[in-house]
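*Asks:* One structure, as structure tokens, below. Some questions next.
Since every read-out is calculated from the coordinates, none of them should be taken as a lab result. For clarity, every value in this text was computed on a predicted model and none was experimentally measured. Please note: Cβ atoms are built from the backbone with ideal geometry, for glycine as well, and neighbour counts cover all protein chains shown.
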Amino acid sequence: MSRRAEGPSQVKEVALGEILELRYGKALSAKNRSGKGNPVYASGGRVGYHDDAVTNGAAVVIGRKGSIGSAYFSETKCWPIDTTYYVDATCTNQNLRWLFRLLSSLPLHTMNKSAAVPGLNRDDVYRLRVNLPNKNEQRRIACILDKAETLRTKRRAAIAHLDTLSQAIFHEMFGDPLEVNAEEAVPFSKMTTRITYGFTSPMKHLNEGIPILTGKNVQRGVLDVENVHYADPKEFEALTDKSKPKIGDVLITKDGTIGRSAVVEIEPICINQSVALIQLEKSRVTPRYVQGLISHSSVQRKFQGMKKGNSIPHLQITELAAMPVRMAPVQLQNEFTSRVSSVERLKVTHRAQLTELDNLFRSLQDSAFKGEL
């Protein structure tokens, strides 16, 4: 690895291998971690703490196996384990915060060369060409992007707080929906007219048409209909009703990260088999009550105990249908819906603002590493 002296103010292009070294992390099993001291990083992020450290001060950690290309910044010395690479002050003479932002912007996650366990080859990373500004410019870029990221973090925290508020209102009004005596308990299916899941046959993915929702599009309390593929309207019409949710239905993720749920508020949309469709007995329950029940911490723990499968966990809809729960009086459900509606309106506002901040961050990042900021 060569170390370049700080050059003139103009931006120059270099290979990444000219300005940094990606060092291998060091194995440290969970049972051998002390649980205090310095952060321990795996390819998916921070996983614990340990008395000792591998890095010499602050470091950028990059996923090498598993979540390849994921980038994390440790403000202090840390222990990156053997599924990662790291860069500290002994591996580069560039600004570490700038390097973190640069590496985060690169498509490292697409550089997998292993069919079984995803893996990132550092020689491939070294060959990537990047613009290299001088140190003062690096500090300026890092500062601007850090400030933009702080705004995004605060907005996400506000949304998380509102999610907690909705759950607190539910618990205040109804208590634990699973703590119910045998005489009052009803199977979850009593609140529904149908519990099923979406299409199983592959559909063509288009750039416009009818949104196709998968598990990743069902977030906690909201449907992401922006980051989607689209179905041909004719193919959509050929789908059965179980793949075409209606306004007022509830969707829940049943494969992968199970248990996330949201009320359907737009149509037409279609869902694949990773998403369960819950159509409600509307004389007995409201959509917000059912979504609040599903989101309750005790129900989420129940789902974790119900999940099947080792590689890809899944939730069996027959077990969901049989789950005994408390069904509150409709009048109370309507009151709950009214109370959380104002919270939901605030969430919509915050999510729109977060989208704007995300777009701003991407624009700043793109300009910064083109030398145009």
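*Asks:* Thinking of segment 178-325 as a set of Cα atoms, what percent of all their pairs are more than 26 Å apart?
*Replies:* In whole percent, the share of Cα-Cα pairs in segment 178-325 beyond 26 Å is 22.
*Asks:* How long, wide and thick is segment 252-364, going by the Cα atoms along their three principal axes, in whole angstroms, largest first?
*Replies:* Principal-axis extents of the Cα atoms in segment 252-364, largest first: 49, 43, 29 Å.
*Asks:* Test of understanding: ordering PHE361, PHE188 by Cβ neighbours within 10 Å, fewest first, what list do you get?
*Replies:* Ascending number of Cβ neighbours within 10 Å: PHE361, PHE188.
*Asks:* Still on this model: With just the Cα atoms defining each centre, how far is segment 41-95 from segment 319-343? Give it in Å.
*Replies:* Result: 45 Å between the Cα centres.
*Asks:* Return the calculated 222 nm mean residue ellipticity for the chain, to the nearest 500 deg cm²/dmol, obtained by summing -39500 (n - 2.57) across DSSP H runs with n ≥ 4 and dividing by the residue count.
*Replies:* It comes out at -11500 deg cm²/dmol, rounded to the nearest 500.
*Asks:* So what's the net charge close to PRO202: Lys and Arg +1, Asp and Glu -1, counting the other residues with Cβ under 14 Å from its Cβ?
*Replies:* Values: positive: LYS204; negative: ASP232, GLU235.
For residues surrounding PRO202, the net value is -1.
*Asks:* Regarding the chain, what's the average projected area of the Cα-atom convex hull, expressed in nm²?
*Replies:* 21.5 nm²
*Asks:* OK, next. How large is the translational diffusion coefficient of segment 12-132 in µm² per second when you combine the Kirkwood radius over alpha carbon pairs with Stokes-Einstein at 4 °C and 1.567 mPa s?
*Replies:* 91 µm²/s
*Asks:* Which ordering of TRP98, TRP79 is given by a fewest-first count of other beta-carbon atoms within 10 Å? Working shown, then result.
*Replies:* Working: TRP98 24, TRP79 28.
The order, fewest Cβ neighbours first, is TRP98, TRP79.
*Asks:* Quick one: work out Rg over Rh on the C-alpha atoms of segment 114-227, Rh as Kirkwood radius.
*Replies:* 1.13
*Asks:* What does the charge count around ALA42 come to, taking other residues whose C-beta lies under 14 Å from its C-beta (Lys +1, Arg +1, Asp -1, Glu -1)?
*Replies:* +4
*Asks:* May I pose another question? Pull up the cross-link candidates among the lysines for LYS26, meaning alpha carbon to alpha carbon under 23 Å and not fewer than 8 places away within one chain.
*Replies:* By straight Cα distance, LYS26 reaches LYS36, LYS65, LYS77, LYS113.
*Asks:* Here's another thing I want to ask about it. Give me the net charge of ASP82's neighbourhood, meaning all other residues with Cβ under 10 Å from the Cβ of ASP82; Lys, Arg count +1, Asp, Glu -1.
*Replies:* +3
*Asks:* Over 18 Å between C-alpha atoms is what I'm after, so list which of LYS244/LYS302; LYS246/LYS282; LYS190/LYS307 land there.
*Replies:* LYS244/LYS302; LYS190/LYS307
*Asks:* Please report the equivalent ellipsoid semi-axes of segment 45-103, computed as sqrt(5 x eigenvalue) of the Cα gyration tensor, largest first, in whole Å.
*Replies:* On the way: eigenvalues 54, 44, 16 Å².
Semi-axis lengths for segment 45-103 are 16, 15, 9 Å.
*Asks:* When a footprinting reagent is the concern and you count Cβ atoms within 10 Å, what order do SER342, SER243, SER298 take, fewest first?
*Replies:* SER342, SER298, SER243
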